[in-house]
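First the structure, in the form of structure tokens, and then the observations on it.
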């Protein structure tokens, strides 16, 4: 089924600030819809697909699509991302393989032993913070900390500088740190890039065992290549996992008894982590541009046209996920697309799972349940399905 092209501009971020988006996505998914959004917030317009089958098809390794023009709404063949062909997430072919080989080991399970002390310290700090407060805004003070600490460790940010970079990151990508009231998110991101420039120069003089040093060792990468890929890792490591962590608390509230079930059967933690990723689906969409005329689900796509794959919709496709809006900690099978699919499957998936597992284990050991203490507020974004506020109280064992 193809929806009337005049139906809706799916780039409009106001569509994603309430739970009504789940109803919209459900209708499109059940209809196997291919929706065209006219030029508006996106300069040339774009196709959208929603069903698990169609989203997986667009992202499959052999699909005639490229990420090099950009990976989010607003980019297309005529308006490409400046980092296309240089940054991991928007590169293809041999260069993409080169970057994966360089960056991948720093984000793999092999790094877990080196990260355990940071992981344990941050998870313990999260529980201590929760215990010390009657209510806590998870989106503001808890969700961002763990992924930011881990990604800083991977990149090689010195301990003394992490707090400042974490605060800048929170502000640049949706946070509301009071110490940055005079700075816009764009300015905060510029400060992050300045910081990386300085860090790169330091690592030139004093190499370490971190990601920046490893990238600098490879003569194929320019300084700008190192910069954009560190930025990619920082954003990728922070901007999705923080909302999965926040969403885990939302899920525990929505699914009473989950923490008790995890406490009683620690083997449930693995499946529960996957369900957190599916249920929260922080990466709402990814964009691809057709490299040739093709068809997706019977819809003709012209070479050069952008197609948006709505991961959050696919992860609630009732044909694969019965009762898709319910959080089911032992859901199996769970073929979610929360980390994407194909050659651009999220390189940081192992670290995200590691962080969520550590947090779920600690919470299940000490907490019985979570209750909302305020209104759930969603970010105004078409790219990230995330929380601007989630105030909760915690019941302890």
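Each reported figure results from applying straightforward, stated rules to the coordinates on display, with no laboratory input. Values in this document were obtained by computation on a predicted structure and should not be read as measured data. Positions of Cβ are generated from backbone atoms using ideal geometry, with glycine treated the same way; all protein chains shown enter the neighbour counts.
The distance separating the Cα centre of segment 204-262 from that of segment 139-174 comes to 9 Å. For segment 308-327 and segment 49-96, compute the distance between their C-alpha centroids and round to whole Å. Taking the Cα centre of each part, segment 308-327 and segment 49-96 sit 22 Å apart. Please say if the chain is rounded, prolate or oblate, where rounded means a/c under 1.5 for a ≥ b ≥ c the square roots of the C-alpha gyration tensor eigenvalues, and otherwise the choice is prolate for a/b larger than b/c and oblate otherwise? Oblate, because a/c is 1.5 or more while a/b does not exceed b/c. The listed peptides 57-68, 240-251, 203-214, ordered by packing as a protection proxy, come out as 240-251, 57-68, 203-214 (highest mean of other Cβ atoms within 10 Å first).
Over segment 13-396, what is the relative contact order in whole percent, taking alpha-carbon pairs under 8 Å and six or more residues apart? Walk me through the numbers before you get to the answer.
Values: 670 pairs, mean separation 105.2, N = 384.
About 27 percent, as a whole number.
Each helix, a run of at least 4 DSSP H residues, gives -39500 (n - 2.57); summed and divided by the residues of the chain, these come to -14000 deg cm²/dmol at 222 nm.
Footprinting exposure proxy ranking of 22, 327, 75, fewest other C-beta atoms within 10 angstrom first, gives 22, 327, 75.
Most tightly packed first, judged by the mean number of other beta-carbon atoms within 10 Å of their residues, the peptides 287-300, 136-149 read 136-149, 287-300. Taking other Cβ atoms within 10 Å as a rough exposure proxy, 30, 357 sort from fewest to most as 30, 357. If one puts a single equal scatterer on every Cα of segment 30-186 and applies the Debye formula without solvent, what log₁₀ I(q)/I(0) results at q = 0.15 Å⁻¹? Debye curve over Cα of segment 30-186, log10 I(q)/I(0) at q = 0.15 Å⁻¹: -1.12.
For segment 1-94, the mean projected area of the C-alpha convex hull, equal to one quarter of the hull surface, is 6.9 nm².
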